[in-house]
Amino acid sequence: MSDFDEQDVRIAEILLDTILLDVDDIPEVSRESLERYFAHLKSSLKFPCYLTGIEDFPWEERYVLGYGNEAEYEKLKKKQPSYTDTFNLLNLDEEINEEYGLFVDVKRTSDNKKFTFPLADFKAIDEHSKNYQLLDDYSVWFVNSR
């Protein structure tokens with residue numbers, strides 16, 4: 001198994017009932033694979049779990065790339081969630097969507113506003129936590145296996 005990345009092995013252990021023989025054996029995103037990942041995360045995530053965005057949310061792109069007005073951006077960030085915000089993970093939604101993956105309900109810590117987002121948009125803030133690895137593995141698998 002030395003030819004495999006540790007992350008590939010962890011992902012395979014979640015999604016497969018057999019030993020990983022080839023990295024191409026890791027299942028693509030499907031309803032069944034998402035249901036398996038959901039069950040694993042539901043039983044493995046530890047709370048509280050604080051999250052932040054992996055990269056800018058779609059509405060922020062023009063501002064992050066420098067095309068939008070900075071004052072307007074700061075005003076909009078008070079109403080809309082930003083990838084720079086800190087969120088408390090409330091729960092995993094039962095909804096499973098093959099295009100967007102698993103969804104989570106989160107609460108922004110600065111004002112307690114609640115939002116629902118695809119889980120693949122987030123990472124755990126504590127890089128040394130088990131949650132960080134769990135969420136990173138999910139995001140890498142979801143983005144690379146569609």
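Using a cut-off of 27 Å between Cα atoms, the listed pairs LYS46/LYS75; LYS42/LYS107; LYS78/LYS123; LYS77/LYS130; LYS79/LYS130; LYS42/LYS77 include LYS46/LYS75; LYS77/LYS130; LYS79/LYS130; LYS42/LYS77 as exceeding that distance. In terms of packing, defined here as the mean over residues of other Cβ atoms within 10 angstrom, the peptides 102-114, 61-73 line up highest first as 102-114, 61-73.
Quick one: grab the alpha carbon gyration tensor of segment 91-146, order the square roots of its eigenvalues as a ≥ b ≥ c, and give me rounded if a/c is under 1.5, else prolate or oblate depending on whether a/b is larger than b/c.
Working: a/c = 2.38, a/b = 1.17, b/c = 2.04.
Verdict is oblate for segment 91-146.
Around the amide H of LYS113, modelled in the peptide plane, lie the amide H atoms of ARG108, all under 5 Å away and 5 or more residues distant in sequence or on another chain. Put in order of Cβ neighbour count within 10 Å, fewest first, the listed residues HIS128, HIS40 become HIS128, HIS40.
Taking amide H as placed 1.01 Å from N in the peptide plane, the amide H of VAL104 sits under 5 Å from that of ASP93, PHE117, LEU119, each at least 5 places away or on another chain. Convex hull volume per residue, computed on the Cα atoms of the chain, equals 123 Å³. Rounded to whole numbers, the Karplus 3J(HN,Hα) couplings from phi for segment 90-107 are 8, 5, 8, 6, 6, 5, 10, 10, 5, 7, 10, x, 7, 10, 10, 9, 10, 10 Hz, using 6.51 cos²θ - 1.76 cosθ + 1.60 with θ = phi - 60°, and x at Gly and Pro. Taking amide H atoms as placed 1.01 Å from N in the peptide plane, the amide H of ARG146 lies under 5 Å from those of VAL29, each 5 or more residues away in sequence or on another chain.
Values in this text are rule-based calculations from the coordinates and carry no lab data. For clarity, every value in this text was computed on a predicted model and none was experimentally measured. FYI the Cβ positions are ideal-geometry reconstructions off the backbone, even for glycines, and counts take in every protein chain you see.
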